[in-house]
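Reading through the structure tokens given below for one structure.
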């Protein structure tokens, strides 16, 4: 099972170990039957987990407590369902159990009477055991609650690192260990980041709700930024030995599909998902058997995932229907579609790519976008054009230590036959790169330059 498809696997295994005696005591199925029952419960919990946390957090205003109550509901299910059987509506059963536990906690603490009344309503109106009715009431609002949880995890009060970690933890269901491993960070550091994020949300009394339209547009940008960062770190790992980390990309796409499903009228959400799917379609062709990078001109395009390409193009069509073609993510998806539509590298429409980058730079006057624009113009109109555009941005402080800038300059110079200057630029790029596979690729290009030149 892929790591990103598991929701808190280590926690569940701990729960099974801690409460295994309870399962065994009530089950006549033997050890194999107990394990099978536990796996079924784990699968159900994995599907219901985000719904549980979203519904609970809306009332509690505390993500940590919502997580704890969801876990406690799982503990109860592990000790009950093997004997009684899985209830007809397991999601409602888990939600009701978690709400009961919340009420018990508040009653003992003699506080938060207002919240107790809100949570007690469904249970104390005579529908305690009517799980079908509870399920229906949950489904009425669950879309907004899940969307609210996504907006909350990506709240601008949090730093980008905190938003990313919290989104992967709460929405994605990854363990702290998995998140730390994906970003090559110490687990203790990642745990502190997540705890701090939850504390900020709690102490700032952030409402767990979908923002109103004016604020929603600004907050949506934060949500999309987080998903984009997660995907990019997987697509072009900034550190470590691996060129790509597919698990992060797949998780970002899964979260993107959730967002599109919950906000189908948001054209930029469709644009980002289309971009991720089109980029991910090249995974199998981007890395050679020895782990080295393969550029577009070197890739075996028969390995590109045609299904992902079709989905990405369909997403772009939806963007067009919604009138969002000039969105930042939509334009980047359109750029990815230029490559997806070329059966051979020689068929690439570089003039269209250059035109799209002109439009993107107008929307996002960023040095990095300007760099990519220079590359597209160099491919469309020659390396001299690319070098002229690079000269306009080389002085930007954010690019002085940016490996791709020096790599692009080295490529342009190499294509012009200025090998000695190309060698110098490529050596600089290799020295700046934090990714082992990328560095190996750049050093190979250095060797191609030889020791002679202009």
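Values in this text are rule-based calculations from the coordinates and carry no lab data. This structure is a prediction, so every number in the text was calculated from the model and none was measured. All Cβ positions, glycine included, derive from the backbone under ideal geometry; neighbour counts span all protein chains shown.
What's the whole-number percent of alpha carbon pairs in region 401-454 lying beyond 19 angstrom? So the portion of pairs separated by more than 19 Å is 15 percent. Using 0.36 nm per residue and subtracting the Cα-Cα separation, the extra length available between residue 444 and residue 358 on full extension is 27.8 nm. Calculate, in nm to one decimal, what residue 381 and residue 159 gain on full extension: separation in residues at 0.36 nm each, minus their alpha carbon distance. My answer for the length gained is 75.9 nm. Relative protection proxy for 402-415, 373-386, 188-201, from highest mean packing down: 402-415, 373-386, 188-201 (other beta-carbon atoms within 10 angstrom).
Restricting things to alpha carbons, find the Rg to Rh ratio for region 248-382 using the Kirkwood radius for Rh.
0.97
How much space per residue, in cubic angstrom, does the convex hull of the C-alpha atoms of region 188-313 take up? Don't skip to the end; give the middle numbers.
Numbers: hull volume 16.2 nm³, N = 126.
Hull volume over Cα atoms, normalised by residue count, gives 128 Å³.
Length gained on full extension, residue 189 to residue 296, computed as 0.36 nm times the residue gap minus the Cα-Cα distance: 34.9 nm. Per-residue Cβ neighbour counts within 10 Å put 344, 311 in the sequence 344, 311, beginning with the fewest. According to the square roots a ≥ b ≥ c of the eigenvalues of the Cα gyration tensor, what is the shape class of region 349-394, taking rounded for a/c under 1.5, prolate for a/b larger than b/c otherwise, and oblate for the remainder? Because a/c hits 1.5 or more and a/b fails to exceed b/c, region 349-394 counts as oblate.
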